[in-house]
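Chemist: Have a look at this one before I ask anything.
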Amino acid sequence: MKTLIDINNWKRREHYLFFSKFDEPFFGVTVQLDCTQAYQIAKEKKVSFFLYYLYRVLKAANEIENFRYRIIDNQVFEFDQINASTTVNRSDLTFGFSYIFYSENENEFYQNALLEIERVRASRSLMPDINGEDLIHFSALPWINFTGLSHARNLSRPDSCPKISFGKMTEDNEGRKEMSVSIHVHHALVDGYHVGLFLERFQQLLS
């Protein structure tokens, strides 16, 4: 479900009109987040660490209103719920895009995710069976401890979905684990303040 925003009476009207005209309206930041406790709990629960933090990053995003805004046919909508489209690696070293429904019930989310991952790995298709704007595009690069990241983008195709990428988990001499997280968002919908709120909430959920 989604709700149409009345742009003329929207507090972000000027921001939307300004940034939506840019050739590249996305901006991005890369940060290091502490995942020491999250990794330990995931292992204790025998849950995939990727799915453990994916659930939490989606929970954080759904709690931040601006992360649920999307531009569709030059109109702005607020979605009731945002889901995940994440890359899924295959044994032949290719990948496919998935569509994973978010559920506030953590175990139900894991069940949804595992079924979708299994489906993608059994397929040769790049695109998921379901596609839409009610998504955040996720990717994991567990081989690279990156400090910055850019995305391949087709600028002729309208796009307002946030893009969030996760890097290699590193560990210091004291056992503290960190992971790079890159966030790219459409500036007509999201400002640095909202990214800060999202990161603060995501870190809380990891801790």
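Rule-based calculations on the coordinates, nothing more; no lab input. In this text the structure is predicted, and so the values were computed from the model without any measurement. All Cβ positions, glycine included, derive from the backbone under ideal geometry; neighbour counts span all protein chains shown.
Chemist: Once all Cα-Cα distances of the stretch 36-104 are split into 5 Å bins that start at 0, what whole-number percent is in each one?
Modeler: 3, 14, 18, 18, 19, 14, 7, 4, 2, 0
Chemist: Along the positive direction of the dipole of the stretch 57-97 (beta-carbon charges: Lys, Arg +1; Asp, Glu -1; about the Cα centre), which of 95, 66, 76 reaches farthest?
Modeler: 95
Chemist: Moving on. When a/c is below 1.5 the answer is rounded, else prolate if a/b is larger than b/c, else oblate, so apply that to the stretch 74-145 with a ≥ b ≥ c taken from the square roots of the Cα gyration tensor eigenvalues.
Modeler: Because a/c hits 1.5 or more and a/b exceeds b/c, the stretch 74-145 counts as prolate.
Chemist: Additional query: Run the quick spin-label model on residue 144 and residue 172: label points 7 Å from Cα toward the beta carbon, then report their separation in nm to one decimal.
Modeler: 2.5
Chemist: Within the stretch 120-157, list the chymotrypsin sites (Phe, Trp or Tyr not before Pro) lying in a DSSP loop whose Cβ has at most 12 other Cβ atoms in a 10 Å radius. Each step should come with its number before you reach the end.
Modeler: Working: sites: 138, 143, 146; in loops: 143, 146.
The qualifying sites are 143.
Chemist: Suppose every Lys and Arg Cβ carries +1 and every Asp and Glu Cβ carries -1, with no other charges. What dipole size does the stretch 102-207 come out with about its Cα centre, to the nearest 20 debye?
Modeler: Once rounded to the nearest 20, the dipole reads 480 debye.
Chemist: May I pose another question? How would the stretch 1-83 be classified by its alpha-carbon gyration tensor: rounded, prolate or oblate, with rounded meaning a/c under 1.5 and the a/b versus b/c comparison settling the rest?
Modeler: Verdict is prolate for the stretch 1-83.
Chemist: For residue 94, project a label point 7 Å along Cα to C-beta. Then give me every residue of the stretch 124-138 with its amide nitrogen under 12 Å of that point.
Modeler: 124-127
Chemist: In addition: Tell me the angle of helix 192-206 to the major Cα principal axis of the chain, expressed in degrees between 0 and 90 and rounded to the nearest ten.
Modeler: That helix lies at roughly 30 degrees to the long axis.
Chemist: What FRET efficiency comes out for residue 7 versus residue 153 if R0 is 25 angstrom and r is the Cβ-Cβ distance? Round to the nearest 0.05.
Modeler: 0.55
Chemist: What's the longest uninterrupted piece of the chain once you rule out the trypsin sites (Lys or Arg not before Pro) that are loop residues per DSSP with at most 14 other Cβ within 10 Å?
Modeler: 47-89
Chemist: A follow-up question, please. Given that just one value was derived from the coordinates, which of (1) 17.1, 51; (2) 17.2, 54; (3) 18.1, 61 is Rg and Dmax of the Cα atoms in Å?
Modeler: (2)
Chemist: Pull out a ≥ b ≥ c, the square roots of the eigenvalues of the alpha-carbon gyration tensor of the stretch 89-207, then state rounded if a/c is under 1.5, prolate if not and a/b is larger than b/c, and oblate in the remaining case.
Modeler: Because its axes are fairly even, with a/c under 1.5, the stretch 89-207 counts as rounded.
Chemist: If I model a spin label as a point 7 Å beyond the Cα along the Cα-Cβ vector, how far apart are those points for residue 18 and residue 47 in nm?
Modeler: 4.1
Chemist: Among 53, 110, which comes first, then next, by fewest other beta-carbon atoms within 10 Å? Each step should come with its number before you reach the end.
Modeler: Details: 53 23, 110 19.
Listing 53, 110 from fewest to most nearby Cβ atoms yields 110, 53.
Chemist: Using alpha-carbon positions, what is the distance between the centroids of the stretch 186-200 and the stretch 49-114, in Å?
Modeler: When both Cα centres are located, 17 Å separates them.
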